[in-house]
Amino acid sequence: MSERERTDLTDPTWWRDAVVYQVYPRSFADGNADGIGDFAGLIDRIPYLERLGIDAVWLSPFYPSALADGGYDVDDYRDVDPRIGSLPTFDDLVAAAHAAGIRVIVDIVPNHSSDRHEWFRAALAAAPGSAERDRYVFRDGLGEHGELPPSDWVSHFGGSAWTRVPDGQWYLHLFAPEQPDWNWENDEVREDFHVTLRFWADRGVDGFRVDVAHGLAKDLGEPLRSHPHVNSMDIEIDGTNPLFDRDDVHEIYRGWRRVFDEYDPPRTAVAEAWVPTSRRVLYAKPDELGQAFEFDLVKAEWDAAQFREVIVDSLDRARTAGASSTWTFSNHDVVRHASRFGLPARTDLNAWLLTDGAEPAEDVALGARRARAAVLLLLALPGSAYVYQGEELGLREVADLARDDLEDPIWLRSQHTEKGRDGCRVPLPWTTDGSSFGFGGDGAHLPQPGWFAEHAVEAQDGTEGSMLELYRAALALRHRLLPDQDLVWRDSGPDVLHFERPGGWHVVVNLGSTPAPLPAGEVLLASAPLADGLLPGDASAWIRGSDPVTG
Ligand code: GLC
Ligand code: CA
(Lines give C-alpha, C1' and ligand atoms only; values in the text may rest on other atoms or scores of the structure.)
(Ligands and ions follow the chains in the order given, each with its own letter.)
Protein backbone atom coordinates (compact mmCIF):
# COMPACT_ATOMS: atom_id res chain seq x y z
CA MET A 1 0.00 0.00 0.00
CA SER A 2 1.30 3.42 -0.80
CA GLU A 3 2.02 5.71 2.13
CA ARG A 4 -0.05 8.33 0.40
CA GLU A 5 -3.28 6.45 0.86
CA ARG A 6 -2.97 7.11 4.54
CA THR A 7 -2.52 10.87 4.29
CA ASP A 8 -5.18 12.46 6.45
CA LEU A 9 -5.79 15.99 5.25
CA THR A 10 -7.78 16.81 8.37
CA ASP A 11 -4.89 16.07 10.74
CA PRO A 12 -4.16 19.34 12.59
CA THR A 13 -0.62 18.30 13.57
CA TRP A 14 0.65 17.38 10.11
CA TRP A 15 3.13 20.25 9.90
CA ARG A 16 5.12 19.21 12.94
CA ASP A 17 7.11 16.62 11.03
CA ALA A 18 6.19 17.37 7.42
CA VAL A 19 8.69 17.31 4.59
CA VAL A 20 7.99 20.41 2.55
CA TYR A 21 9.26 20.77 -1.00
CA GLN A 22 9.94 24.32 -2.11
CA VAL A 23 8.78 25.10 -5.62
CA TYR A 24 10.17 28.20 -7.26
CA PRO A 25 7.31 28.37 -9.76
CA ARG A 26 9.09 30.13 -12.62
CA SER A 27 11.81 27.50 -12.65
CA PHE A 28 10.02 24.25 -11.94
CA ALA A 29 8.16 23.18 -15.10
CA ASP A 30 6.90 25.19 -18.03
CA GLY A 31 3.56 23.91 -19.30
CA ASN A 32 3.07 26.29 -22.22
CA ALA A 33 6.66 26.50 -23.46
CA ASP A 34 7.21 30.23 -23.03
CA GLY A 35 10.35 29.79 -20.91
CA ILE A 36 8.63 30.53 -17.59
CA GLY A 37 7.46 27.80 -15.26
CA ASP A 38 3.74 27.79 -14.53
CA PHE A 39 0.89 26.02 -12.74
CA ALA A 40 0.10 23.87 -15.77
CA GLY A 41 3.66 22.51 -15.66
CA LEU A 42 3.45 21.99 -11.92
CA ILE A 43 0.12 20.17 -12.11
CA ASP A 44 1.67 17.81 -14.69
CA ARG A 45 4.44 17.02 -12.23
CA ILE A 46 2.29 16.28 -9.19
CA PRO A 47 2.82 12.54 -9.81
CA TYR A 48 6.57 13.20 -9.66
CA LEU A 49 6.17 14.92 -6.29
CA GLU A 50 3.87 12.19 -5.04
CA ARG A 51 6.41 9.57 -6.02
CA LEU A 52 9.15 11.59 -4.33
CA GLY A 53 7.19 11.25 -1.11
CA ILE A 54 7.01 14.80 0.17
CA ASP A 55 4.11 15.98 2.36
CA ALA A 56 3.62 19.54 1.14
CA VAL A 57 4.76 22.04 -1.43
CA TRP A 58 5.67 25.61 -0.60
CA LEU A 59 5.15 27.86 -3.60
CA SER A 60 7.41 30.89 -3.79
CA PRO A 61 5.44 33.94 -5.00
CA PHE A 62 3.29 33.43 -8.09
CA TYR A 63 1.40 36.72 -7.78
CA PRO A 64 1.28 39.41 -10.46
CA SER A 65 4.68 41.07 -10.38
CA ALA A 66 7.15 42.98 -12.51
CA LEU A 67 9.76 40.51 -11.20
CA ALA A 68 12.00 43.23 -9.84
CA ASP A 69 12.87 40.70 -7.13
CA GLY A 70 11.80 37.34 -8.53
CA GLY A 71 8.16 37.87 -7.55
CA TYR A 72 8.88 39.08 -3.99
CA ASP A 73 7.62 42.39 -5.34
CA VAL A 74 3.88 41.69 -5.23
CA ASP A 75 1.45 43.80 -7.26
CA ASP A 76 -1.66 42.07 -5.99
CA TYR A 77 -1.65 39.61 -3.11
CA ARG A 78 -4.92 38.05 -4.17
CA ASP A 79 -4.30 37.10 -7.78
CA VAL A 80 -2.04 34.96 -9.97
CA ASP A 81 0.54 36.23 -12.45
CA PRO A 82 -1.04 35.52 -15.86
CA ARG A 83 2.29 34.09 -17.02
CA ILE A 84 2.00 31.49 -14.26
CA GLY A 85 -1.71 30.77 -14.31
CA SER A 86 -4.97 32.13 -13.01
CA LEU A 87 -7.12 31.70 -9.92
CA PRO A 88 -8.97 28.77 -11.52
CA THR A 89 -5.67 27.02 -12.37
CA PHE A 90 -4.54 27.69 -8.82
CA ASP A 91 -7.68 25.91 -7.62
CA ASP A 92 -6.90 23.04 -9.98
CA LEU A 93 -3.42 22.87 -8.53
CA VAL A 94 -4.68 22.71 -4.95
CA ALA A 95 -7.19 20.03 -5.92
CA ALA A 96 -4.55 17.96 -7.72
CA ALA A 97 -2.11 18.30 -4.85
CA HIS A 98 -4.68 17.38 -2.22
CA ALA A 99 -5.82 14.40 -4.26
CA ALA A 100 -2.21 13.23 -4.16
CA GLY A 101 -2.04 13.79 -0.39
CA ILE A 102 0.17 16.85 -0.79
CA ARG A 103 -0.59 20.04 1.10
CA VAL A 104 -0.02 23.51 -0.28
CA ILE A 105 1.81 26.38 1.42
CA VAL A 106 1.92 29.82 -0.17
CA ASP A 107 4.41 32.61 0.36
CA ILE A 108 3.14 35.79 2.03
CA VAL A 109 5.28 38.90 1.62
CA PRO A 110 4.16 41.31 4.34
CA ASN A 111 7.17 43.60 4.75
CA HIS A 112 6.72 45.31 1.38
CA SER A 113 4.53 45.30 -1.69
CA SER A 114 5.64 46.22 -5.17
CA ASP A 115 5.60 49.79 -6.41
CA ARG A 116 2.83 48.72 -8.81
CA HIS A 117 0.47 47.74 -5.97
CA GLU A 118 -2.80 49.66 -6.17
CA TRP A 119 -2.20 51.22 -2.77
CA PHE A 120 1.30 52.39 -3.64
CA ARG A 121 0.02 54.00 -6.82
CA ALA A 122 -2.66 55.68 -4.73
CA ALA A 123 0.00 56.84 -2.28
CA LEU A 124 2.02 58.42 -5.08
CA ALA A 125 -1.05 60.13 -6.46
CA ALA A 126 -2.01 61.53 -3.06
CA ALA A 127 -0.44 64.40 -1.18
CA PRO A 128 2.18 64.20 1.58
CA GLY A 129 0.49 63.55 4.89
CA SER A 130 -2.51 61.82 3.28
CA ALA A 131 -4.14 58.63 4.48
CA GLU A 132 -2.92 56.96 1.27
CA ARG A 133 0.70 57.76 2.08
CA ASP A 134 0.30 56.55 5.65
CA ARG A 135 0.02 52.94 4.46
CA TYR A 136 3.67 53.11 3.47
CA VAL A 137 6.62 54.89 5.07
CA PHE A 138 6.94 58.35 3.56
CA ARG A 139 9.13 61.03 5.12
CA ASP A 140 10.51 64.42 4.24
CA GLY A 141 14.21 64.44 3.45
CA LEU A 142 17.04 66.02 5.43
CA GLY A 143 19.15 68.92 4.23
CA GLU A 144 18.08 72.42 3.43
CA HIS A 145 15.74 71.38 0.64
CA GLY A 146 15.00 67.86 1.78
CA GLU A 147 17.48 66.65 -0.81
CA LEU A 148 19.07 64.10 1.52
CA PRO A 149 17.42 60.81 2.50
CA PRO A 150 15.62 60.88 5.88
CA SER A 151 18.20 58.54 7.42
CA ASP A 152 21.39 56.67 6.56
CA TRP A 153 19.59 53.31 6.32
CA VAL A 154 20.77 51.13 3.48
CA SER A 155 18.84 48.71 1.33
CA HIS A 156 19.55 45.03 1.77
CA PHE A 157 20.33 44.90 -1.94
CA GLY A 158 22.69 47.89 -1.79
CA GLY A 159 22.29 51.66 -1.96
CA SER A 160 20.06 53.86 0.17
CA ALA A 161 16.87 52.40 1.61
CA TRP A 162 15.05 55.60 0.58
CA THR A 163 13.87 56.71 -2.83
CA ARG A 164 12.61 60.20 -3.59
CA VAL A 165 9.31 60.84 -5.35
CA PRO A 166 8.57 63.83 -7.60
CA ASP A 167 6.97 65.98 -4.88
CA GLY A 168 10.15 65.71 -2.84
CA GLN A 169 9.16 63.13 -0.19
CA TRP A 170 11.03 59.87 0.24
CA TYR A 171 9.71 56.36 0.80
CA LEU A 172 11.38 53.50 2.62
CA HIS A 173 12.34 50.20 0.97
CA LEU A 174 14.50 47.74 2.86
CA PHE A 175 14.94 45.83 -0.38
CA ALA A 176 14.73 47.12 -3.98
CA PRO A 177 13.19 50.54 -4.77
CA GLU A 178 10.39 48.57 -6.44
CA GLN A 179 9.56 47.10 -3.00
CA PRO A 180 8.16 49.89 -0.80
CA ASP A 181 7.81 48.91 2.86
CA TRP A 182 4.37 48.78 4.41
CA ASN A 183 3.61 50.83 7.49
CA TRP A 184 2.47 48.20 9.98
CA GLU A 185 1.19 50.83 12.38
CA ASN A 186 -1.57 51.45 9.88
CA ASP A 187 -4.78 49.56 10.68
CA GLU A 188 -5.82 49.25 7.05
CA VAL A 189 -2.58 47.46 6.27
CA ARG A 190 -3.08 45.06 9.17
CA GLU A 191 -6.64 44.35 8.18
CA ASP A 192 -5.76 43.88 4.52
CA PHE A 193 -3.30 41.11 5.34
CA HIS A 194 -6.01 39.30 7.27
CA VAL A 195 -8.14 39.55 4.14
CA THR A 196 -5.29 38.04 2.11
CA LEU A 197 -4.72 35.19 4.56
CA ARG A 198 -8.42 34.32 4.51
CA PHE A 199 -8.53 34.65 0.73
CA TRP A 200 -5.99 31.84 0.31
CA ALA A 201 -7.17 29.80 3.28
CA ASP A 202 -10.67 29.85 1.81
CA ARG A 203 -9.20 28.48 -1.43
CA GLY A 204 -7.88 25.49 0.49
CA VAL A 205 -4.33 26.59 1.15
CA ASP A 206 -2.93 24.68 4.13
CA GLY A 207 -0.25 27.07 5.31
CA PHE A 208 1.86 30.14 4.78
CA ARG A 209 5.56 30.88 4.55
CA VAL A 210 6.11 34.36 5.92
CA ASP A 211 8.73 36.38 4.08
CA VAL A 212 11.09 38.56 6.14
CA ALA A 213 8.97 37.80 9.18
CA HIS A 214 11.35 39.71 11.44
CA GLY A 215 10.68 42.92 9.52
CA LEU A 216 7.25 44.66 9.54
CA ALA A 217 7.35 46.39 12.93
CA LYS A 218 9.83 49.26 12.91
CA ASP A 219 10.95 51.99 15.24
CA LEU A 220 10.11 55.03 13.14
CA GLY A 221 10.31 57.54 15.96
CA GLU A 222 12.11 60.78 15.07
CA PRO A 223 14.95 61.23 14.72
CA LEU A 224 15.36 57.98 12.80
CA ARG A 225 18.19 56.13 14.42
CA SER A 226 21.45 55.04 12.81
CA HIS A 227 22.53 51.48 13.32
CA PRO A 228 25.74 49.82 12.13
CA HIS A 229 24.09 46.69 10.72
CA VAL A 230 20.73 48.16 10.03
CA ASN A 231 19.90 45.87 7.17
CA SER A 232 22.03 42.78 7.43
CA MET A 233 20.37 39.38 7.21
CA ASP A 234 22.03 38.57 10.51
CA ILE A 235 20.37 40.60 13.20
CA GLU A 236 21.89 40.70 16.66
CA ILE A 237 19.72 40.56 19.72
CA ASP A 238 20.73 43.72 21.50
CA GLY A 239 17.32 45.21 20.72
CA THR A 240 18.80 48.34 19.17
CA ASN A 241 18.05 47.62 15.52
CA PRO A 242 15.25 49.98 14.51
CA LEU A 243 14.12 47.85 11.57
CA PHE A 244 14.23 44.19 12.52
CA ASP A 245 13.11 41.80 15.20
CA ARG A 246 11.23 44.41 17.21
CA ASP A 247 9.11 43.01 20.02
CA ASP A 248 6.01 44.64 18.51
CA VAL A 249 6.09 42.28 15.54
CA HIS A 250 4.80 39.43 17.67
CA GLU A 251 1.47 41.15 18.22
CA ILE A 252 0.95 41.03 14.46
CA TYR A 253 1.48 37.27 14.38
CA ARG A 254 -0.80 36.68 17.34
CA GLY A 255 -3.45 38.34 15.21
CA TRP A 256 -2.59 36.07 12.30
CA ARG A 257 -2.85 33.02 14.52
CA ARG A 258 -6.40 33.99 15.38
CA VAL A 259 -7.14 33.99 11.64
CA PHE A 260 -5.43 30.60 11.16
CA ASP A 261 -7.50 29.16 13.99
CA GLU A 262 -10.74 30.12 12.28
CA TYR A 263 -10.07 27.13 10.02
CA ASP A 264 -10.30 23.41 10.55
CA PRO A 265 -7.64 22.18 10.53
CA PRO A 266 -5.97 25.43 11.58
CA ARG A 267 -3.73 26.87 8.89
CA THR A 268 -0.03 26.68 9.59
CA ALA A 269 2.84 29.08 9.09
CA VAL A 270 6.60 29.19 9.03
CA ALA A 271 8.65 32.32 9.60
CA GLU A 272 11.62 33.39 7.56
CA ALA A 273 13.51 35.23 10.27
CA TRP A 274 17.27 35.59 10.02
CA VAL A 275 17.78 36.14 13.74
CA PRO A 276 19.58 34.10 16.40
CA THR A 277 17.87 30.91 17.51
CA SER A 278 16.96 32.28 20.91
CA ARG A 279 14.92 35.02 19.22
CA ARG A 280 13.69 32.94 16.31
CA VAL A 281 11.72 30.55 18.47
CA LEU A 282 9.56 33.44 19.59
CA TYR A 283 8.05 33.54 16.09
CA ALA A 284 7.41 29.81 16.30
CA LYS A 285 5.38 29.89 19.50
CA PRO A 286 2.03 28.11 19.26
CA ASP A 287 0.09 31.36 19.55
CA GLU A 288 2.09 32.84 16.68
CA LEU A 289 3.38 31.21 13.50
CA GLY A 290 4.19 27.74 14.87
CA GLN A 291 7.47 27.32 13.03
CA ALA A 292 10.54 29.31 11.99
CA PHE A 293 13.26 28.16 9.63
CA GLU A 294 16.40 26.94 11.32
CA PHE A 295 18.98 28.75 9.19
CA ASP A 296 22.00 27.86 11.29
CA LEU A 297 22.42 24.64 9.31
CA VAL A 298 22.49 26.70 6.13
CA LYS A 299 25.31 28.73 7.61
CA ALA A 300 27.25 25.88 9.24
CA GLU A 301 30.41 24.40 7.76
CA TRP A 302 30.66 20.68 7.13
CA ASP A 303 31.76 20.07 10.68
CA ALA A 304 30.41 17.64 13.25
CA ALA A 305 30.83 19.96 16.22
CA GLN A 306 29.05 22.82 14.46
CA PHE A 307 26.21 20.62 13.28
CA ARG A 308 25.76 19.08 16.67
CA GLU A 309 25.70 22.41 18.43
CA VAL A 310 23.06 23.74 16.05
CA ILE A 311 20.91 20.63 16.41
CA VAL A 312 21.10 20.47 20.20
CA ASP A 313 20.38 24.17 20.61
CA SER A 314 17.55 24.26 18.11
CA LEU A 315 15.77 21.19 19.46
CA ASP A 316 16.09 22.43 22.97
CA ARG A 317 14.67 25.84 22.20
CA ALA A 318 11.89 24.49 20.03
CA ARG A 319 10.85 22.13 22.81
CA THR A 320 10.78 24.95 25.32
CA ALA A 321 8.71 27.14 23.00
CA GLY A 322 6.27 24.33 22.18
CA ALA A 323 7.30 24.53 18.51
CA SER A 324 8.93 21.99 16.24
CA SER A 325 12.28 22.48 14.53
CA THR A 326 12.32 23.26 10.85
CA TRP A 327 15.44 22.06 9.06
CA THR A 328 16.82 23.03 5.71
CA PHE A 329 20.08 23.11 3.78
CA SER A 330 19.03 25.09 0.72
CA ASN A 331 16.51 27.56 -0.61
CA HIS A 332 16.16 30.09 -3.40
CA ASP A 333 18.36 32.63 -1.59
CA VAL A 334 21.54 30.65 -0.94
CA VAL A 335 24.23 28.81 -2.90
CA ARG A 336 23.09 25.22 -3.42
CA HIS A 337 24.52 22.98 -0.72
CA ALA A 338 25.96 20.42 -3.14
CA SER A 339 28.32 23.26 -4.09
CA ARG A 340 28.83 24.68 -0.61
CA PHE A 341 29.91 21.30 0.70
CA GLY A 342 32.30 20.81 -2.22
CA LEU A 343 34.15 24.04 -1.51
CA PRO A 344 36.91 24.50 1.07
CA ALA A 345 35.66 25.48 4.53
CA ARG A 346 35.01 29.19 5.01
CA THR A 347 34.98 29.94 1.28
CA ASP A 348 33.61 33.41 0.62
CA LEU A 349 30.71 32.35 -1.57
CA ASN A 350 30.14 35.76 -3.06
CA ALA A 351 33.79 36.04 -4.11
CA TRP A 352 33.57 32.52 -5.51
CA LEU A 353 30.53 33.45 -7.61
CA LEU A 354 32.34 36.51 -8.93
CA THR A 355 35.01 34.20 -10.34
CA ASP A 356 32.19 32.24 -12.01
CA GLY A 357 32.97 29.36 -9.72
CA ALA A 358 36.58 29.04 -10.85
CA GLU A 359 38.35 30.01 -7.66
CA PRO A 360 38.52 28.10 -5.42
CA ALA A 361 37.78 25.03 -7.50
CA GLU A 362 34.72 23.07 -6.48
CA ASP A 363 35.27 19.41 -5.62
CA VAL A 364 32.18 18.17 -7.39
CA ALA A 365 32.47 14.56 -6.25
CA LEU A 366 32.96 15.58 -2.62
CA GLY A 367 30.02 17.99 -2.74
CA ALA A 368 27.77 15.28 -4.15
CA ARG A 369 28.93 12.77 -1.58
CA ARG A 370 28.27 15.18 1.27
CA ALA A 371 24.91 16.20 -0.14
CA ARG A 372 23.94 12.51 -0.08
CA ALA A 373 25.09 12.25 3.53
CA ALA A 374 23.30 15.49 4.38
CA VAL A 375 19.86 14.40 3.28
CA LEU A 376 20.00 11.36 5.56
CA LEU A 377 20.68 13.77 8.40
CA LEU A 378 18.03 16.27 7.32
CA LEU A 379 15.31 13.66 7.08
CA ALA A 380 16.24 11.95 10.33
CA LEU A 381 16.01 14.97 12.57
CA PRO A 382 12.95 15.54 14.74
CA GLY A 383 10.72 18.25 13.33
CA SER A 384 9.97 19.17 9.77
CA ALA A 385 12.34 19.39 6.82
CA TYR A 386 12.40 21.68 3.82
CA VAL A 387 13.78 20.45 0.51
CA TYR A 388 14.50 22.97 -2.24
CA GLN A 389 13.57 21.96 -5.78
CA GLY A 390 16.45 20.34 -7.60
CA GLU A 391 18.41 19.27 -4.55
CA GLU A 392 16.85 15.83 -4.96
CA LEU A 393 18.59 15.82 -8.35
CA GLY A 394 21.91 16.76 -6.79
CA LEU A 395 21.96 20.08 -8.61
CA ARG A 396 24.89 22.30 -7.89
CA GLU A 397 25.01 26.06 -8.10
CA VAL A 398 25.21 27.36 -11.66
CA ALA A 399 28.09 29.65 -10.77
CA ASP A 400 29.05 30.73 -14.27
CA LEU A 401 25.86 32.41 -15.44
CA ALA A 402 26.76 35.18 -17.85
CA ARG A 403 26.46 38.69 -16.41
CA ASP A 404 23.93 39.57 -19.10
CA ASP A 405 21.64 36.76 -18.05
CA LEU A 406 21.40 37.70 -14.38
CA GLU A 407 17.93 38.58 -13.09
CA ASP A 408 18.60 39.17 -9.40
CA PRO A 409 18.40 42.88 -8.44
CA ILE A 410 21.41 42.33 -6.20
CA TRP A 411 23.72 42.34 -9.21
CA LEU A 412 22.79 45.87 -10.28
CA ARG A 413 22.09 47.33 -6.87
CA SER A 414 25.42 46.13 -5.48
CA GLN A 415 27.16 47.89 -8.37
CA HIS A 416 28.27 44.53 -9.69
CA THR A 417 30.01 43.50 -6.49
CA GLU A 418 27.56 40.65 -5.79
CA LYS A 419 26.37 38.25 -8.44
CA GLY A 420 23.25 37.33 -6.52
CA ARG A 421 21.04 34.31 -6.28
CA ASP A 422 20.24 33.27 -9.84
CA GLY A 423 22.63 30.33 -9.76
CA CYS A 424 20.26 28.32 -7.57
CA ARG A 425 17.16 29.37 -9.54
CA VAL A 426 17.98 27.85 -12.92
CA PRO A 427 15.05 25.83 -14.32
CA LEU A 428 15.06 22.12 -13.53
CA PRO A 429 16.21 19.47 -16.02
CA TRP A 430 13.57 16.80 -16.58
CA THR A 431 14.99 15.04 -19.61
CA THR A 432 18.56 14.33 -20.70
CA ASP A 433 18.23 16.18 -23.97
CA GLY A 434 15.99 18.71 -25.67
CA SER A 435 16.61 22.43 -25.75
CA SER A 436 15.54 23.09 -22.16
CA PHE A 437 16.03 19.56 -20.81
CA GLY A 438 12.29 19.01 -20.72
CA PHE A 439 11.62 22.12 -18.65
CA GLY A 440 9.45 23.57 -21.38
CA GLY A 441 10.02 25.06 -24.78
CA ASP A 442 13.11 26.26 -26.54
CA GLY A 443 14.64 28.35 -23.86
CA ALA A 444 14.46 28.62 -20.11
CA HIS A 445 14.36 32.09 -18.55
CA LEU A 446 17.79 31.40 -17.07
CA PRO A 447 20.07 29.28 -19.27
CA GLN A 448 20.79 25.73 -18.13
CA PRO A 449 24.35 24.43 -18.38
CA GLY A 450 25.14 21.26 -20.34
CA TRP A 451 25.97 19.32 -17.19
CA PHE A 452 22.31 19.51 -16.16
CA ALA A 453 21.74 16.54 -18.51
CA GLU A 454 23.32 14.06 -16.14
CA HIS A 455 21.12 15.37 -13.30
CA ALA A 456 17.88 15.16 -15.24
CA VAL A 457 14.99 13.28 -13.69
CA GLU A 458 15.05 11.00 -16.72
CA ALA A 459 18.67 10.05 -16.03
CA GLN A 460 18.03 9.27 -12.37
CA ASP A 461 14.57 7.77 -12.34
CA GLY A 462 14.96 4.10 -11.48
CA THR A 463 18.75 4.35 -11.56
CA GLU A 464 20.18 2.58 -8.59
CA GLY A 465 22.41 4.80 -6.51
CA SER A 466 21.13 8.05 -8.02
CA MET A 467 20.47 11.06 -5.80
CA LEU A 468 16.81 11.00 -6.73
CA GLU A 469 16.45 7.36 -5.69
CA LEU A 470 18.23 8.10 -2.41
CA TYR A 471 15.74 10.90 -1.64
CA ARG A 472 12.83 8.66 -2.55
CA ALA A 473 14.09 5.80 -0.42
CA ALA A 474 14.81 8.08 2.53
CA LEU A 475 11.43 9.77 2.32
CA ALA A 476 9.57 6.47 2.11
CA LEU A 477 11.46 5.12 5.13
CA ARG A 478 10.95 8.32 7.10
CA HIS A 479 7.20 7.93 6.77
CA ARG A 480 7.47 4.53 8.38
CA LEU A 481 10.04 5.42 11.00
CA LEU A 482 8.85 8.71 12.35
CA PRO A 483 6.81 10.44 14.03
CA ASP A 484 8.19 11.34 17.36
CA GLN A 485 9.94 14.48 18.39
CA ASP A 486 12.65 12.71 20.35
CA LEU A 487 16.30 12.05 19.78
CA VAL A 488 18.93 10.51 22.06
CA TRP A 489 22.60 11.19 21.41
CA ARG A 490 25.00 8.25 21.43
CA ASP A 491 28.73 8.35 21.97
CA SER A 492 30.78 8.65 18.84
CA GLY A 493 34.13 9.88 17.58
CA PRO A 494 34.66 13.62 17.26
CA ASP A 495 33.83 13.77 13.54
CA VAL A 496 30.75 11.59 13.83
CA LEU A 497 27.18 12.34 14.82
CA HIS A 498 25.25 9.41 16.19
CA PHE A 499 21.75 9.65 17.57
CA GLU A 500 18.88 7.31 18.08
CA ARG A 501 15.23 7.93 17.37
CA PRO A 502 12.48 5.97 19.11
CA GLY A 503 12.08 2.43 17.89
CA GLY A 504 15.80 1.74 17.63
CA TRP A 505 16.36 3.86 14.56
CA HIS A 506 20.02 4.86 14.63
CA VAL A 507 21.37 7.68 12.53
CA VAL A 508 25.11 7.94 11.99
CA VAL A 509 26.71 10.78 10.05
CA ASN A 510 30.44 10.70 9.44
CA LEU A 511 31.63 14.23 8.69
CA GLY A 512 35.29 13.25 8.88
CA SER A 513 37.44 11.13 6.58
CA THR A 514 38.18 8.15 8.81
CA PRO A 515 35.76 5.22 8.47
CA ALA A 516 33.53 4.94 11.54
CA PRO A 517 32.01 1.91 13.26
CA LEU A 518 28.26 1.42 13.09
CA PRO A 519 25.91 0.09 15.75
CA ALA A 520 24.87 -3.53 15.30
CA GLY A 521 21.69 -3.98 13.34
CA GLU A 522 20.14 -3.85 9.93
CA VAL A 523 21.41 -1.17 7.56
CA LEU A 524 18.24 0.43 6.27
CA LEU A 525 19.89 2.98 4.04
CA ALA A 526 23.38 4.33 3.47
CA SER A 527 24.52 7.29 1.43
CA ALA A 528 27.65 5.42 0.29
CA PRO A 529 28.66 1.74 0.24
CA LEU A 530 30.04 0.50 3.55
CA ALA A 531 33.61 -0.76 3.57
CA ASP A 532 34.22 -3.79 5.81
CA GLY A 533 31.14 -2.86 7.78
CA LEU A 534 32.47 0.63 8.47
CA LEU A 535 30.84 3.90 7.45
CA PRO A 536 33.27 5.76 5.17
CA GLY A 537 33.97 9.47 5.54
CA ASP A 538 31.39 12.00 4.31
CA ALA A 539 28.64 9.43 4.50
CA SER A 540 25.55 8.62 6.59
CA ALA A 541 23.60 5.52 7.43
CA TRP A 542 20.29 4.61 8.99
CA ILE A 543 20.39 1.44 11.05
CA ARG A 544 17.67 -0.48 12.81
CA GLY A 545 19.61 -1.37 15.91
CA SER A 546 19.66 -4.86 17.31
CA ASP A 547 21.72 -4.26 20.42
CA PRO A 548 22.15 -1.52 22.94
CA VAL A 549 24.91 0.66 21.63
CA THR A 550 28.15 0.74 23.52
CA GLY A 551 29.72 3.76 21.95
C1 GLC B 1 13.19 36.99 1.42
C2 GLC B 1 13.11 36.16 0.18
C3 GLC B 1 14.02 36.76 -0.84
C4 GLC B 1 13.57 38.16 -1.14
C5 GLC B 1 13.47 38.99 0.13
C6 GLC B 1 12.69 40.23 -0.09
O7 GLC B 1 14.43 36.94 2.00
O8 GLC B 1 13.40 34.83 0.48
O9 GLC B 1 14.07 35.99 -2.01
O10 GLC B 1 14.48 38.78 -2.01
O11 GLC B 1 12.80 38.30 1.15
O12 GLC B 1 11.34 39.93 -0.27
CA1 CA C 1 5.07 28.96 -19.09
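Assorted remarks:
- About the Cα centre, charge dipole magnitude for the chain (Lys/Arg +1, Asp/Glu -1 at Cβ), debye: 1020
- Debye-sum result for the range 1-159 in log10 I(q)/I(0), which assumes one identical scatterer on each alpha carbon, at q = 0.09, 0.12, 0.19 Å⁻¹: -0.43, -0.67, -1.16
- Taking Cα centre as origin and charging only the Cβ of basic (Lys, Arg, +1) and acidic (Asp, Glu, -1) residues, the dipole magnitude of the range 423-540 rounds to 300 debye.
- Placing unit charges on the Cβ atoms of the charged side chains and taking the dipole of the range 411-525 about its Cα centre, the candidate lying farthest along the positive direction among G443, W430, H455 is G443.
- Solvent-accessible surface of the chain, averaged per residue with a 1.4 angstrom probe and all protein chains in place: 37 square angstrom.
- The packing ranking, built from the mean of other Cβ atoms within 10 Å per residue, places the peptides 490-503, 413-426 in the order 413-426, 490-503, highest first.
- Portion, in percent, of the accessible area of the range 333-415 that falls on carbon or sulfur, probe 1.4 Å: 51
- The range 370-456: proportion of alpha-carbon pairs further apart than 17 angstrom, %: 56
- Extending 7 Å from Cα along the Cβ direction at D404 and again at D140 yields two label points whose distance is 4.8 nm.
- Residues E392, E469, E454, sorted by accessible area with the largest first, give E454, E469, E392 [1.4 Å probe; ligands and nucleic acids excluded].
- Across the range 230-301 the C-alpha pair distances fall into 5 Å bins from zero in the proportions 3, 16, 25, 22, 17, 9, 5, 2, 0 percent.
- 222 nm mean residue ellipticity, helices alone, for the chain (DSSP H n ≥ 4; -39,500 (n - 2.57); rounded to 500): -7500 deg cm²/dmol
- For K419, the aspartates and glutamates whose Cα comes closer than 13 Å to its Cα, not counting residues fewer than 8 places off in the same chain, are D333, D348, D356, E397, D400, D404, D405, E407, D408.
- Across the range 337-351, the residues whose backbone nitrogen lies under 19 Å from the label position 7 Å along the beta-carbon direction of K299 are 337, 340-341, 345-351.
- DSSP-defined antiparallel bridges as percent of all bridges, the chain, nearest 5: 55
- Degrees, to the nearest 10: 87-99 long Cα axis against longest axis of the chain: 20
- Only the Cβ atoms of Lys and Arg (+1) and of Asp and Glu (-1) were treated as charged; on that basis the dipole of the range 159-314 about its Cα centre amounts to roughly 140 debye.
- Maximal additional length on extending the D167-E191 stretch stands at 5.8 nm, based on 0.36 nm per residue less the C-alpha distance.
- For the range 1-153, the relative contact order works out to 19 percent when only alpha carbon pairs closer than 8 Å and six or more residues apart are counted.
- Packing-based ranking, highest mean first, of 347-358, 38-49 given that Cβ atoms within 10 Å are counted: 38-49, 347-358
- Sequence-distant residues sharing a close amide H with N331 (under 5 Å, placed H): none
- Order by protection proxy (mean Cβ within 10 Å, highest first), peptides 55-61, 150-156: 55-61, 150-156
- Folded to 0 to 90 degrees: helix 364-378 orientation relative to the chain principal axis, Cα: 90
- Accessible area of the range 47-171 belonging to carbon and sulfur atoms, whole % at 1.4 Å probe: 54
- Projected area, mean over directions - the chain, Cα convex hull, nm²: 24.4
- Computed over protein heavy atoms with a 1.4 Å probe, the carbon and sulfur contribution to the accessible area of the range 421-503 reaches 47%.
- Selection among G159, A305, L124 by position relative to the dipole of the chain gives A305 as farthest towards the positive end (Cβ unit charges, Cα centre).
- Residues with amide H under 5 Å from that of G438, placed H, sequence gap 5 or more: W430, T431
- Amide H within-cut-off set for R209, under 5 Å, with H built and near neighbours excluded: V106, D107, I108, V270
The values are calculated or read from the model by the stated rules, or taken from the named source; none is laboratory data. Since this is a predicted model, take the numbers as computed values, not measurements. Note that we place each Cβ from the backbone using ideal geometry, even for glycine, and neighbour counts take in every protein chain shown. The area values use the complete protein model at the heavy-atom level, side chains included, leaving out ligands, DNA and RNA. Shrake-Rupley method; radii C 1.70, N 1.55, O 1.52, S 1.80 Å.
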